[in-house]
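**Q** What follows is a single structure, and I will ask about it in a moment.
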């Protein structure tokens, strides 16, 4: 499995968590997938990283989602943005990769308008935090 597919699956887990608070039920959706231990660890790290830092991630998003509270965003878009902001704040994945992956996920799992929305939010976020990250 590629990092892209692992990241998409992590986003799906975050999306599923929006509806289901039992982590065992959420992880049950992975059972039919052919995942390596490394893929499972990557997805679990992302999911737990987002959920463990949700307040900080949502606070960061609030600054860029003008006129909206994160909880009012479409759940798919919110899951994509949360994952991307987590990676931008807490990992060493290059910002250009994070933004590209998030925009691609929005194109696949959300609407055409969402791709521009996600790109704009993350572009502004990266611009404001570029001193903190390698682009």
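The values are calculated or read from the model by the stated rules, or taken from the named source; none is laboratory data. This one's a predicted model, so the numbers in the text were calculated from it and none came from an experiment. A quick note on method: Cβ atoms are made from the backbone with ideal geometry, for glycine too, and the neighbour counts reach across all protein chains shown.
**Q** Please name all residue pairs, on different chains or six or more residues apart, with Cβ atoms under 6 Å, provided the first residue is in the stretch 38-66 and is in contact (Cβ under 8 Å) with a residue 12 or more places away in the chain and the second residue is outside any helix (DSSP H, G or I).
**A** The qualifying pairs are 39/1.
**Q** From the set of residues in the stretch 87-96 that are exposed (fewer than 15 other Cβ atoms within 10 Å of the Cβ) and either touching a helix residue (DSSP H, G or I) at 6+ places or on another chain (Cβ under 9 Å) or at pLDDT 95 or above (or both), which is nearest to residue 116 (Cα to Cα)?
**A** Among those residues, the one meeting the criterion is 96.
**Q** Looking at the stretch 51-68 only, could you name the residues that are surrounded by fewer than 12 Cβ atoms within 10 Å (Cβ to Cβ) and not in a helix (DSSP H, G or I)?
**A** Scanning the stretch 51-68 gives 63, 66, 67.
**Q** Consider the stretch 4-17. How many of its residues are over 14 Å from residue 79 (Cα atoms) and touching a residue at least 60 places away in the same chain (Cβ under 8 Å)?
**A** 1
**Q** So in the stretch 24-50, with the set limited to residues that are farther than 16 Å from residue 91 by Cα and modelled with pLDDT of 75 or more, which one is surrounded by the most Cβ atoms within 10 Å (Cβ to Cβ)?
**A** Only one residue fits best here, namely 39.
**Q** Applying the selection to the stretch 66-80, what residues are under 16 Å from residue 123 (Cβ atoms) and touching a helix residue (DSSP H, G or I) at 6+ places or on another chain (Cβ under 6 Å)?
**A** Residues satisfying the conditions are 77, 80.
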